[in-house]
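Every read-out reported here was derived from the displayed coordinates using simple, explicitly stated rules and does not represent laboratory data. What you see is a predicted model, and the numbers here were worked out from it, not measured in a lab. All Cβ positions, even for glycine, are placed from backbone atoms using ideal geometry, and neighbour counts span all protein chains on display.
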Amino acid sequence: MPVLKEQLAILEESITHQCLEIGRKREEITLIAVSKTKPLQMIREAYEAGQRHFGENRMQELQEKAESLDYDDLQWHMIGTLQTNKIKFIAAHVHWIHSVFKAKQLNEINKRAAQHSRIINVLIQVNISDEPQKGGCKASEIDELLIHARTLDHVHARGLMGMAKFTDDKAYISNTFQLLQDLQQRHLNSHPNLTELSMGMSNDYAIALNRGSTMLRIGSSIFGRRT
């Protein structure tokens, strides 16, 4: 078995086992293969192994890869910093944008999606780790952004995204993810479409699953660590 296919199989077994352990359904979870900096051939191999969701953190790289890979059922996720003046590069291709935390970003996504007659799913990024170098809105700003998103015809706000601080303290990570889950639950009554929680990477996805994550952003466990 090719290495990449084997890595995906091992990860899939781990996620399935974790879901069984905590009483969740595997089909509730979207595995996003973080393919940033990876060559097209590796994405093709992952696709052939059954992977359908891929995440990029550079907007022009996402555009170039999307235009080079002609798969109707492949879904692209923008997971990196969102530069408003570059949204035009991904609007024709991206299915999910995880890193929205400003009204002007929502406006630009709506404008560019309309030009391509598309609706783009977005997640509101919340700075749950309280680290200034990480993007994201404050918890108090979520409702205002969700209300604004409702006024836009080509944007569909689907959930929240957050990143834990990089640490070996599992209890701290768990508490951080619990914060995002609590915020989602707090807003669900007013915003019933807010069903997605994007949290959990290669080092902490098991903890994220325990805290309700529906989208895992995993790179190194699939493609190997960057050199």
### Query
Sorted by average packing, counted as other Cβ atoms within 10 angstrom per residue and highest first, what order do 84-93, 12-21 take?
84-93, 12-21
### Stretchable slack from K5 to S140, in nm (0.36 nm times residue separation minus alpha-carbon distance)
44.4 nm
### Task
Evaluate the relative contact order of the chain (contact order divided by residue number), counting alpha-carbon pairs under 8 angstrom at least 6 apart; express in whole percent.
19 percent
### Query
Any idea what the dipole of the chain comes to, in debye rounded to 20, about its Cα centre with Lys/Arg Cβ at +1 and Asp/Glu Cβ at -1?
500 debye
### Task
Would you please put 42-52, 210-220, 132-142 in order of how densely packed they are, using the mean number of other Cβ atoms within 10 angstrom per residue and starting with the highest?
210-220, 42-52, 132-142
### Partners for K170 among lysines (Cα-Cα distance below 21 Å; same-chain residues under 8 apart left out)
K134
### (1) 61, 38, 29; (2) 49, 42, 31; (3) 45, 39, 32, with the label sought being that of the calculated Cα extents along the principal axes in Å
(2)
### Query
Within straight cross-link reach of K111, meaning Cα distance under 20 Å, which lysines are found once same-chain residues fewer than 8 apart are removed?
K86, K88, K102
